[in-house]
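Just so it is clear, none of the values below were taken in a lab; they were calculated from the coordinates. The structure displayed is predicted, hence computed values, not measured ones. A quick note on method: Cβ atoms are made from the backbone with ideal geometry, for glycine too, and the neighbour counts reach across all protein chains shown.
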Amino acid sequence: MALSVTEELLTWLGTLPLGSLYCAAGGAAAIENIFPPFPSDVVAAVAIVLAAHRGGSFWTAALVTWAGNVVGAMVMYSVGLRYGTVALAKLQRFAGDKAATHLRAMYAKYGIWALFVSRFLPGLRALVPPFAGAMGLPAWHVGLAISGASGVWYALLAFLAYQAGERWDLLIRLLAHSTKVLALIALGVAVLWGIVWYLRRRRRSDDSARSAAS
């Protein structure tokens, strides 16, 4: 069975007690921000599936995984904030100048919503916290955006893991291609935001027109 985690890792996770499975899911979600190539979603999903099979709580699994991701992200934000331009220069060499330029432009135009949506975009997801710190963006903006995006993603991950049952291998295969899933979520969020923005702009235009007429 072609999975993106090794049999040794699966075996090790299978030996953990329920509490340690929660911690493994949260730890994997945190590591994603520090070492993006790590298959964090796959490890977290396996840990949550095993927790579900042992009668674990959906809410505990979702909250611990969410908290781990947020803590890891804010640690990387702090690193970016602490080392500033040096960290940004290194990130630009790692990710390319276009990533930094794209994130700056999105934040300048859309503010906190740019950070939220960027957490679902392949190639930017793990880079958002350190870039945001290096660019000196407000901590509460970054924390709120990351908390919201992580809440959506890990609540969905936990839900799918609890619903997977004996077909958990299909979930793992899906997560192995999670960049496509993230892109679809980002598209959905962007479309929703666009509709809200359009309706608000139209309402302001209508209000201005009525004020001018009166």
field: Protection proxy ranking of 149-159, 19-29 - average other beta-carbon atoms within 10 Å, highest first
entry: 19-29, 149-159
field: Cα→Cβ-extended label distance, 7 Å offset, between Val75 and Cys23, nm
entry: 1.4
